[in-house]
1. Say whether the condition of being without any contact (Cβ under 8 Å) to a residue 60 or more places away in the chain, of a type in the set (Val, Ile, Thr) and closer than 19 Å to residue 92 by Cα is met by at least one residue in the range 24-43.
2. Hey, can you tell me all the residues within the range 9-35 that are modelled with pLDDT of 95 or more, out of contact with any Asp or Glu (no Cβ under 6 Å at 6 or more places or on another chain) and hydrophobic (A, V, I, L, M, F, W, C)?
3. Kindly indicate whether residue 20 is among the basic types (Lys, Arg), under 18 Å from residue 91 (Cβ atoms), without any contact (Cβ under 8 Å) to a residue 40 or more places away in the chain and in a helix (DSSP H, G or I).
4. Find the residue count for the range 7-25, including only residues that are in contact with a helix residue (DSSP H, G or I) (Cβ under 9 Å, 6 or more places away or on another chain) and of a type outside the set (Ser, Thr, Tyr).
5. Name the residues in the range 2-17 that are out of contact with any Pro (no Cβ under 6 Å at 6 or more places or on another chain) and either open to solvent by less than 40 Å² (accessible area, probe 1.4 Å) or part of a strand (DSSP E or B) (or both), would you?
6. Select the strands (runs of 3 or more DSSP E) contained entirely in the range 38-111, then report the ones holding at least 3 residues which are open to solvent by less than 50 Å² (accessible area, probe 1.4 Å).
7. Could you count how many residues in the range 101-125 are touching a residue at least 24 places away in the same chain (Cβ under 8 Å) and farther than 24 Å from residue 2 by Cβ?
Amino acid sequence: ITGQVIDVGCGSGVLSLAAKLRGAEEVYGIDCDEEALCHAKENAKLNQLHCTFGKCLEKKFDHPLILMNMISSEQTCAWSALPPLQSYTLILSGIPIEEARPFAHYGTILEKREWKGWLGFKIQH
């Protein structure tokens with residue numbers, strides 16, 4: 001992973017920290033839950049990794065990799081925390097098959113994966 005990574009709905013920061021360990025230069029985790037953000041910051045500190053965590057982003061991004069692991073019903077609210085983006089790659093996962101719906105509004109679906117009742121997508125915009 002290179003460049004900027006945004007972990008939407010970061011929770012405890014697991015995906016953020018994994019992205020940093022995989023070589024991302026800048027990692028930003030956002031979540032609406034203050035307690036989750038505290039855990040994410042503590043996990044980054046314990047692992048001696050520099051990631052930025054907060055409730056929203058105010059920075060400009062040039063084609064970031066966006067990670068979003070959450071059920072469909074939570075995605076719209078989480079997506080609204082992002083600044084306007086001209087281009088990005090999105091890894092969307094954590095979607096139960098029964099919640100599958102069209103995801104074309106995010107961009108062009110490059111890849112779709114199914115595993116044990118769950119869906120994941122790689123999307124380019």
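1. The initial filter retains those residues of the range 24-43 that are without any contact (Cβ under 8 Å) to a residue 60 or more places away in the chain, namely 24-43.
With the extra rule that they be of a type in the set (Val, Ile, Thr), the set shrinks to 27, 30.
Right, trim to closer than 19 Å to residue 92 by Cα and you get 27, 30.
Yes: one or more hits.
2. 14, 17, 18, 19, 21, 24, 27
3. In short, yes.
4. Selection size over the range 7-25: 10.
5. Once the filter is applied, which keeps residues that are out of contact with any Pro (no Cβ under 6 Å at 6 or more places or on another chain) and either open to solvent by less than 40 Å² (accessible area, probe 1.4 Å) or part of a strand (DSSP E or B) (or both), the range 2-17 yields 3, 5, 7, 8, 9, 10, 11, 13, 16, 17.
6. 65-69, 89-96
7. Step one: of the range 101-125, the residues touching a residue at least 24 places away in the same chain (Cβ under 8 Å) are 101, 118-125.
Then keep just the ones that are farther than 24 Å from residue 2 by Cβ; that gives 101, 118-119.
Total meeting the criteria: 3.
The values are calculated or read from the model by the stated rules, or taken from the named source; none is laboratory data. Predicted model, so just to flag it, every value in this text is computed and none were measured. Glycine also receives a Cβ, built like all others from the backbone with ideal geometry; neighbour counts cover every protein chain displayed. Only protein heavy atoms, including side chains, enter the accessible area calculation; ligands, DNA and RNA are left aside. Shrake-Rupley method; radii C 1.70, N 1.55, O 1.52, S 1.80 Å.
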